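What follows is calculated from the coordinates using simple rules that are stated; it is not laboratory data. In this text, all values refer to a predicted model and were calculated from it rather than measured experimentally. In this analysis, Cβ positions are derived from the backbone assuming ideal geometry, glycine residues included, and neighbour counts consider all displayed protein chains.
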Amino acid sequence: MLSASSPIRDWLTFSENGTLTRNCFSFRGASGIDGTLSLALGISRIKNPLLLVTGDLAFIHDINGWLIENSIDMNLTILLINNYGGNIFNRIYKENLKEDELKKLFLMPKKINWSKLAEGYQVNFRSVANFKKLREAFDWSISIKKSVIIKVDIDPENEIYEKNALLEKIIGS
Ligand SMILES: Cc1ncc(C[n+]2csc(CCOP(=O)(O)OP(=O)(O)O)c2C)c(N)n1
């Protein structure tokens with residue numbers, strides 16, 4: 001499942017053939033970032049293992065979804081892409097707004113202690129820093145058959161640069 005905002009946009013932009021061959025759930029369109037975790041937990045009741053790819057704001061917005069009955073015993077893997085707020089707006093409005101306006105209106109950077117938060121909801125948690133560790137974390141998550149949060153920290157500036165570079169490569173090829 002792909003949350004609204006960058007995860008679904010990036011999937012449609014960069015996944016090439018995967019777009020048509022992978023079984024994906026999302027709710028891009030009329031809906032917003034609300035209800036992301038609850039929807040993923042609901043889907044994982046009938047289809048698991050399930051991977052939710054979500055941004056940090058979309059995830060925190062519905063963090064009390066964990067309070068749904070039995071949710072911590074579900075088999076849901078969450079890839080939490082932490083770019084410290086709604087970095088999508090940096091990509092969209094950087095040219096039109098001043099930095100403090102952008103921060104105040106859209107980015108909403110938060111200092112969240114994710115491991116403590118996960119502990120509070122009794123959910124397994126790992127933070128990973130490279131692809132090897134990410135693969136290991138996925139394997140671990142699948143093996144324990146429980147809900148797991150796997151966090152990847154992304155440098156917001158680098159994210160924009162890397163994605164634009166990748167896009168140019170695709171358009172140019
Ligand atoms: C309920 C709701 N409130 C606000 C918005 C506006 N909005 C669209 S994307 C977004 C930021 C999402 O941030 P994040 O989940 O961290 O994803 P990223 O910035 O990495 O794309 C917000 C607040 C929305 N879509 N839905």
Legend entry - Karplus (6.51, -1.76, 1.60) ³J(HN,Hα), θ = phi - 60°, over segment 97-103, in Hz, Gly and Pro reported as x: 10, 6, 4, 5, 5, 4, 5
Legend entry - Sequence-separation-based contact order of segment 106-170, relative, with Cα cut under 8 Å and 6+ spacing, percent: 30
Inset, instruction - Determine which aspartates and glutamates satisfy two conditions relative to Lys104: a Cα distance under 18 Å, and not lying fewer than 8 residues away in the same chain. - result: Asp56, Glu95, Glu157
Inset, instruction - Just check segment 1-99 against the gyration tensor rule for me: Cα atoms, a ≥ b ≥ c as the square roots of the eigenvalues, rounded for a/c under 1.5, and otherwise prolate or oblate depending on whether a/b exceeds b/c. - result: oblate
Inset, instruction - Send over the Kirkwood Rh of segment 6-172, from the inverse of the averaged 1/r over different Cα pairs, rounded to one decimal Å. - result: 17.0
Inset, instruction - List the lysines whose Cα lies under 16 Å from the Cα of Lys163, skipping any in the same chain that are fewer than 8 positions away. - result: Lys94
Legend entry - Neighbour cut-off at most 10 other Cβ (10 Å), DSSP loop, GluC sites (Glu not before Pro), segment 74-160: Glu95
Legend entry - Residues Glu162 and Ala129, FRET efficiency given R0 of 22 Å [Cβ-Cβ distance, rounded to 0.05]: 0.90
Legend entry - Per-residue ³J(HN,Hα) for segment 74-91, Karplus 6.51 cos²θ - 1.76 cosθ + 1.60, θ = phi - 60°, Hz, x for Gly and Pro: 6, 10, 10, 9, 10, 9, 9, 8, 9, 10, 6, x, x, 5, 4, 6, 5, 6
Legend entry - Per DSSP, loop trypsin sites (Lys or Arg not before Pro) in segment 1-62 with at most 16 further Cβ within 10 Å: Arg22, Arg28, Lys47
